[in-house]
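FYI, it's all coordinate maths here, none of it is from the lab. What you see is a predicted model; the values in this text were computed from it and never measured. Note that each Cβ is placed from the backbone with ideal geometry, even for glycine, and that neighbours are counted across all protein chains shown.
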Amino acid sequence: MSITILLKLAIVGTIGIVALLSFRQKWLTRKKRKHVRGTMLVTPREFEKTINGDGIAIPNTANDEHHYPYLKIKQADENKHFLICGDTGTGKSAIFHTMLQQIRLRDTERAVVYDPKLEFYKNHGRPNDTVLYPFSDKCPYWDLSREITRPEMAKLIAESLLPCKPGNENEFFTSSSRHVLDKLLVKLGECQGSVDDFLYWLRDPDMIDQLLEHEIEANYIPKDAFPQRAGVIASLTQMGKSLELLPSINESRKSFALSKWVKQRPGWIFIGGTGPADQQILQPLFSIWFNILIQQLLDFSESYSPPPTWLFIDEIASLKSLSFLEQAASQARGFNTRLVLGFQNKYQIENFYNKLAQPILSAPKTKIFLRTTEVDSAEWCAKMIGEPEFE
């Protein structure tokens, strides 16, 4: 070995030793500094000691000399919502399964689960639970008229049946169609009609004219303004296509209404299908049910003390825009309702919720960040974690 090679090895070795000593010195200095505020990087053992949680447990796969398979949060923080962000295959579903398993052991608590593949129902469902999957024999007949508990609720349901992106509510055809639908729903509630009756009305513009006779909403579909009338009728027809997928009242199934379930809360609800094809076809119905459910959960006086109720929505972007999600994120805590939201990246939420994305993403107190390959989302996760401050 030549002297030149030996000198090079010596230089490289010296640089490596200096780098290690410098890193060790920085680490020791930082360790001695007092943490003032901000994020703290802790081991699972330190987390358990610091938090001293008595609530829901999150599965932990971090390597540590003292292995803690679960990390518990405080029970008092459970109603402050959960956010789980990570790519497909990073463990979001596993966290959902673990949380659902624990909630099943709490007899007084209820859950509503978005279940696109019905995998959660297979693992956690019970005979007295409700499965809202229109193509299943287990799906009940949905009694739409019972959801209209008061005239104001018809307006909210109309907004659910004819959703739009936040900020587009005042577009003419959106607002006009909602006004007409609102009045039709009020009529349906007054006569306690079925979904079949409602579809019959929607298929016959002359019937709609008859129902709206002498009502101010008739001005939205005048016969002498064909383009305007055709646009509103088309919107109602498109919405009716989703309702046609529901079981008929003539199929001798038990009836179901979200308004009734919210008052009694018997068992859990699983909303979903068996794969991507079902998801694409049934997405409007799934979104309608969640929107109406959120409305009903937040429609109680403050004196009423409902049982703890969890809303689990994984892959939330597949539901597109839930009109009342931001309202739920900000207000559900006061009605003992807990949100658990899962998604792959921040862009999915911003795409459907625009300016409402920020309050939705910032509302949950417990945030779980898994691996994400989307650059902006990775930077957002880092900013949400924050940095520590020392003195």
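Pairs only if they're at least six apart or on different chains, beta carbon under 6 angstrom, first in region 207-227 and touching a residue at least 40 places away in the same chain (Cβ under 8 Å), second in a helix (DSSP H, G or I) and surrounded by 10 or more Cβ atoms within 10 Å (Cβ to Cβ); list them, first residue then second.
Final answer for the pair search is Tyr220/Ser176; Tyr220/His179; Tyr220/Val180; Tyr220/Val232; Ile221/Arg229; Ile221/Val232.
Just to verify a result, which residue in region 179-233, among those that are acidic (Asp, Glu) and in a helix (DSSP H, G or I), is surrounded by the fewest Cβ atoms within 10 Å (Cβ to Cβ)? Let's see the steps before the verdict.
Going residue by residue through region 179-233, those that are acidic (Asp, Glu) are 182, 190, 196-197, 204, 206, 209, 213, 215, 217, 224.
Now restrict to residues that are in a helix (DSSP H, G or I): 182, 190, 196-197, 206, 209, 217.
On the way: Asp182: 21, Glu190: 12, Asp196: 14, Asp197: 16, Asp206: 8, Asp209: 14, Glu217: 18.
Checked region 179-233; the qualifying residue surrounded by the fewest Cβ atoms within 10 Å (Cβ to Cβ) is Asp206.
From (1) out of contact with any strand residue (DSSP E or B) (no Cβ under 6 Å at 6 or more places or on another chain); (2) of a type in the set (A, V, I, L, M, F, W, C); (3) within 18 Å of Pro163 (Cβ to Cβ); (4) touching a residue at least 12 places away in the same chain (Cβ under 8 Å), pick out the condition that doesn't hold for Ala357.
It fails just one condition, (4).
Looking for something at negative phi, without any contact (Cβ under 8 Å) to a residue 24 or more places away in the chain and touching a Phe, Trp or Tyr at 6+ places or on another chain (Cβ under 9 Å) - is there at least one such residue anywhere in region 280-296?
Checked against the condition, which is being at negative phi, without any contact (Cβ under 8 Å) to a residue 24 or more places away in the chain and touching a Phe, Trp or Tyr at 6+ places or on another chain (Cβ under 9 Å), region 280-296 yields no hits at all.
Looking at Gln295, Gln331, which one is surrounded by fewer than 17 Cβ atoms within 10 Å (Cβ to Cβ), within 16 Å of the chain's Cα centre (by Cα) and either of a type in the set (A, V, I, L, M) or within 22 Å of Ile148 (Cα to Cα) (or both)?
Details: Gln295 fails: surrounded by fewer than 17 Cβ atoms within 10 Å (Cβ to Cβ).
Only one candidate qualifies: Gln331.
Do the conditions hold for Asn291, that is, is it touching a Pro at 6+ places or on another chain (Cβ under 9 Å) and of a type in the set (S, T, N, Q)?
Answer is yes for this residue.
With over 30 Å from Asn336 (Cβ atoms), of a type in the set (A, V, I, L, M) and surrounded by 18 or more Cβ atoms within 10 Å (Cβ to Cβ) as the only criterion, which of Leu282, Leu236, Leu258, Leu245 stands out?
After applying the criteria, what remains is Leu236.
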